[in-house]
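Here's the structure we're looking at; comments come further down.
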Amino acid sequence: MEKSLYPVATLEIAKKREELAPETLNAWRAFSRQAFADGALPSKMKDLIAIAVAHVTQCPYCIRAHTKSARAKGASEKEIMEAIWVAAEMRAGAAIAHSALAIDAMKESASSQ
């Protein structure tokens, strides 16, 4: 059986993480609770944003966790998929926007020839 690049998130891994840096983990948990609490944006919207960001950063753990959280908060499958499409557009848009760097480099190399 081939070992997965992403191990299953187990209680053993969680305990080890806490054992190695308990204060930092507790601070991160508090920050996470605050970041995802209802505020100017409702918590469900924050999870939809997190789903989009997780697709751009390609974090499978975040994708699963925030999808489950968003569903628990009433997000529809269509809302989740729409958030993913926004992420895809932003990632593709960044590639297009960054083409300005290549175009500028081509211009520089043409002028130095």
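Each value in this text was obtained by applying a stated rule to the coordinates, not by laboratory testing. Since we're looking at a predicted model, the values are computed, not measured. Ideal geometry is used to build each Cβ from the backbone, glycine not excepted, and the neighbour counts take in all protein chains shown.
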**Message:** Of everything in region 7-60, what is out of contact with any Phe, Trp or Tyr (no Cβ under 7 Å at 6 or more places or on another chain), under 27 Å from Glu79 (Cα atoms) and polar (S, T, N, Q)? Give them in sequence order.
**Reply:** Ser32, Gln34, Thr57, Gln58
**Item:** region 71-91 residues that are on the phi < 0 side of the Ramachandran plot, paired with ones that are part of a helix (DSSP H, G or I) and among the small types (Gly, Ala, Ser) (beta carbon under 7 Å, 6 or more apart)
**Value:** Lys73/Ser43; Ile80/Ala70; Ala83/Ala52; Ile84/Ala52; Val86/Ala52; Ala87/Ala52
**Item:** Residue within region 6-28 that is surrounded by fewer than 10 Cβ atoms within 10 Å (Cβ to Cβ), farther than 26 Å from Ala88 by Cα and among the basic types (Lys, Arg) present
**Value:** no
